[in-house]
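What follows is a single structure, written as structure tokens, with notes after it.
Every number here is computed from the coordinates shown, using simple stated rules; none is lab data. Being a predicted model, the structure only gives us computed values, none of them experimental. Methodologically, a virtual Cβ is constructed for each residue, glycine included, from the backbone with ideal geometry; neighbour enumeration extends over all protein chains shown.
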Amino acid sequence: MVALKANPDKINIIKRNCSEYRQQSFLKRGFLLAIERFDWVFAIDDDVHRICEQILADDYIGKRLRRYPLLFKGVLND
């Protein structure tokens, strides 16, 4: 999440990835749940530090978000 903290504009990449995958017809239920959880995180706050804390949290939502690295495509590739 260092890349995300260093460049907060990359939150838009995650949002775009969620939107892109949401439009696909045949996704696993777990993947759809991860996208939904990201929607929750973004709805609550736009602060990059709190979003990173939620992604790294050792709770249900954090674990669900980290389970699908495709959602972070373009963020961690630096």
- Message: Go through (1) surrounded by 15 or more Cβ atoms within 10 Å (Cβ to Cβ); (2) under 10 Å from the mean Cα position of the chain (by Cα) for Leu4 and report which single condition fails.
- Response: (2)
- Task: Please go through the range 1-42 and pick out each residue that is closer than 13 Å to Tyr68 by Cβ and among the aromatic types (Phe, Trp, Tyr).
- Result: Tyr21, Phe31, Phe38
- Query: Among the residues of the range 30-78, which ones are touching a residue at least 40 places away in the same chain (Cβ under 8 Å) and crowded, with 16+ Cβ neighbours inside 10 Å?
  - Reply: Val48, Ile51, Cys52, Ile55, Leu71, Phe72, Val75
